[in-house]
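Chemist: Take a look at the following structure, please.
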Amino acid sequence: MDKALVDEMNKKGLELAISTLIVIIIGIAVLIGLLIFITKGFGFLKEGTDPLLRASSVGTMRQACELACQGKDSVTFCCNPFMIEDKPTYCKNGSLNLECSYDCSAVVCS
């Protein structure tokens, strides 16, 4: 046989072996991932996303309170609670650091 032809055949065999190894490695990684999901469930994903969701809900509440203040919506600002971490939180609460001079002392909540 011609030496160039033999070299060409050897390279194709090597390429096949490398691609097969890559597919096997990917398959093993997928199996390990499935095993982790089966044993631990999706709880560890929830633990990782909870701080992000809490931060976005506080930000959303802060925006809603700012809109209520700007629109002089006394019922929403003074009386309606927003649930943050399963606790009722009101817009008039000082922890939100709102720049609102709205006075809730004259508002009667029903």
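Chemist: Being of a type in the set (Asp, Glu) and either at positive phi or touching a residue at least 60 places away in the same chain (Cβ under 8 Å) (or both) is the filter here, so list the residues in the range 55-110 that pass it.
Modeler: 85, 86
Chemist: Which one of 87, 92 is of a type in the set (Lys, Arg) and touching a helix residue (DSSP H, G or I) at 6+ places or on another chain (Cβ under 6 Å)?
Modeler: Answer to the check: 92.
Chemist: Scan the range 39-54 and tell me whether some residue there is over 30 Å from residue 84 (Cα atoms) and at pLDDT 65 or above.
Modeler: yes
Chemist: Looking at the range 55-72 only, could you name the residues that are surrounded by 17 or more Cβ atoms within 10 Å (Cβ to Cβ) and either of a type outside the set (A, V, I, L, M, F, W, C) or more than 24 Å from the chain's Cα centre (by Cα) (or both)?
Modeler: As a first pass, look at the range 55-72 and keep what is surrounded by 17 or more Cβ atoms within 10 Å (Cβ to Cβ): 61, 65, 68-69.
Listed by number, the residues that qualify are 68, 69.
Chemist: Among the numbered conditions (1) at pLDDT 80 or above; (2) touching a strand residue (DSSP E or B) at 6+ places or on another chain (Cβ under 9 Å), tell me where residue 69 comes up short.
Modeler: (2)
Chemist: Another question, then. Taking into account only those residues within the range 77-99 that are surrounded by 17 or more Cβ atoms within 10 Å (Cβ to Cβ) and not in a strand (DSSP E or B), which is modelled with the lowest pLDDT?
Modeler: It comes out as 96.
The values are calculated or read from the model by the stated rules, or taken from the named source; none is laboratory data. Since the structure is predicted, the reported quantities are computational estimates derived from the model, not experimental observations. Counting neighbours? That spans all protein chains shown, and the Cβs are built from the backbone with ideal geometry, glycine included.
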